[in-house]
Amino acid sequence: MADVIANGIRLNVQHLTPTRGADPDAPIVVTLHGMVIDNLSSFYFSLGTFLANAGCDVVCYDLRGHGRSDQTPDGYDMASSLADLSGLLVALGIDRPVHMVGNSYGATLALAYSLAHPEQVASLTLIEPPFLIEGLGAQMEHSLSRVLTATSHEKVEQWLANDARRAVARTMCTARWLLRETTLRRDMLATPSFDPARLAAFTAPVLAVYGANSDLIDHAASLSSLMPDCTLIVLRNHTHAVLREATGYLRTLTHWWLFHRGTAPMPTYIPPPGPGFVMPAWVREKVPPPDLRRPARNPDGRLLQRSPMLCETCSTIRPTGRPPGDCDSGRAVARAASEGTPEPLQTAGSDRYSRRPGPYARVPSNRGGSVTARTHPPATHHRMPTPNA
């Protein structure tokens, strides 16, 4: 990870150079993630490392206010986002056309940048971009307002405090901060719609990918008809989350797009069997899911292994879904404390026993291995703090 100062703010950047070594002729790929509940990791783990292994020079970065980039109270309008991106490319010393790959709002941002700086763009890959000739800003602001209402629901508050994984809780807290405490929604409302004349004048090749079950599928035909060199792909049985749902095919597709377009046929897509991915009603309506507190399960019906939470007061591991203090490590350390000395506990996956003097003991971790936990009296219970929005 590296921090880059662009347009007066700090942006968190992951620069992935080609695995086989630096190549001055390698395609430069810049990825742009979605808005609010997203960060650079969605591209890093899906396409970023794959394209770097294939020989691309890949730049993933957290948009302003997201991930580890600066969380500013304002500056979320399209003009500021474009200035952030331009400043980033200058700071990285990128002086030749790049291949833009964007998802959701990131795809809309990539398209806007390409229209403003067509000479700096070699190609566009747009995954599920919101695209309207009229009313684009109003639609995006309306969608964000409904997300804020849903994430502020009492059930969601309880879930974040007691059941959500730490990474999910952290992401949700950032999302609510963006929606509540910044100018994001007002800035989105001011987003200008696309000019058909500028779209018609854009000559770089465009790859647009939508899910047939997405709530944005109605935007696909308009985008395809207004751009001169646009290849539109609609993936049957997929939703707006096509980047996550069809990662394997998107890897094959983007590899073909960057290296073999014009010399080989487009890769064939085989949709998932059955109805595939369907957008639930609660997602379309942006309300809390009805089974929010129900234990998560794998596709085969087994309970999903949830990540443990760490009690910030006593440093013991509490599996998600259990009351504070009700965890294997907490009970083991409490039992050791009641006996006056840390109990020797076998480390998972090892034959060794570990003792530590003082108020600490080595206890098994729910993730495998062991952790060092602070002892506490058996009757002591600690309330997990509610994440700040």
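Using 0.36 nm per residue and subtracting the Cα-Cα separation, the extra length available between residue 122 and residue 22 on full extension is 34.0 nm. Along the charge dipole of the range 28-142, pointing to its positive end and built from +1/-1 on Cβ of Lys, Arg, Asp and Glu, which listed residue (82, 67, 31) has its Cα farthest out? Value: 31.
If you place +1 on the Cβ of every Lys and Arg, -1 on the Cβ of every Asp and Glu, and leave all else neutral, what size is the dipole of the range 51-152 about its Cα centre, to the nearest 20 Debye?
Values: 4 positive and 11 negative charges, 40 e Å.
For the range 51-152, the charge dipole is close to 200 debye.
Calculated FRET efficiency, residue 251 to residue 158, Cβ-Cβ distance, R0 = 35 Å: about 0.40 to the nearest 0.05. Listing 82, 250 from fewest to most neighbouring C-beta atoms within 10 Å gives 82, 250. Taking 7 Å steps out from each Cα toward its Cβ at residue 53 and residue 68 produces label points 2.2 nm apart.
Could you list 132, 232 in order of exposure, starting from the residue whose Cβ has the fewest other Cβ atoms within 10 Å? Don't jump to the answer; show the numbers that get you there.
On the way: 132 19, 232 16.
Ascending number of Cβ neighbours within 10 Å: 232, 132.
Each of 263, 108 was scored by other Cβ atoms within 10 Å of its Cβ. Listed from fewest to most, they are 263, 108. Projecting the Cα positions of 213, 167, 153 onto the charge dipole of the range 141-217 (unit charges on Cβ atoms of Lys, Arg, Asp and Glu, taken about the Cα centre) puts 167 furthest along the positive direction.
Model label sites at residue 146 and residue 244, defined 7 Å from Cα along the beta-carbon direction, differ in position by 1.8 nm.
Between residue 261 and residue 193, what length comes free when the chain is fully extended (0.36 nm per residue of separation minus the Cα-Cα distance, one decimal in nm)? Mind showing how you got there, number by number?
Values: separation 68, 0.36 × 68 = 24.48 nm, distance 3.00 nm.
So the chain would gain 21.5 nm between residue 261 and residue 193.
Looking at the square roots a ≥ b ≥ c of the eigenvalues of the Cα gyration tensor of the range 23-89, which shape do they give, rounded for a/c under 1.5, prolate if a/b is larger than b/c, or oblate? It comes out oblate by the Cα gyration axes.
Rounded to the nearest 20 debye, what is the charge dipole size of the range 2-285 about its Cα centre when +1 sits on each Lys and Arg Cβ and -1 on each Asp and Glu Cβ?
Details: 20 positive and 26 negative charges, 124 e Å.
It comes to approximately 600 debye.
Give the Debye-formula value of log10 I(q)/I(0) at each listed q (0.12, 0.22, 0.25 Å⁻¹), with one equal scatterer per alpha carbon of the range 191-283, two decimals each. Rounded to two decimals, the profile gives -0.45, -1.17, -1.29.
Could you work out the Kirkwood radius for the range 73-186, taking every pair of different alpha carbons, averaging 1/r and inverting it, reported in Å? Spell out each step's value before the answer.
Working: mean 1/r = 0.0620 Å⁻¹.
Here the Kirkwood hydrodynamic radius works out to 16.1 Å.
Site pair residue 203 and residue 91 shows an inter-label distance of 3.3 nm when each label is modelled 7 Å from Cα along Cα→Cβ.
Every number here is computed from the coordinates shown, using simple stated rules; none is lab data. Only a predicted model underlies this, so the values are computations on that prediction, with no experimental measurement involved. Positions of Cβ are generated from backbone atoms using ideal geometry, with glycine treated the same way; all protein chains shown enter the neighbour counts.
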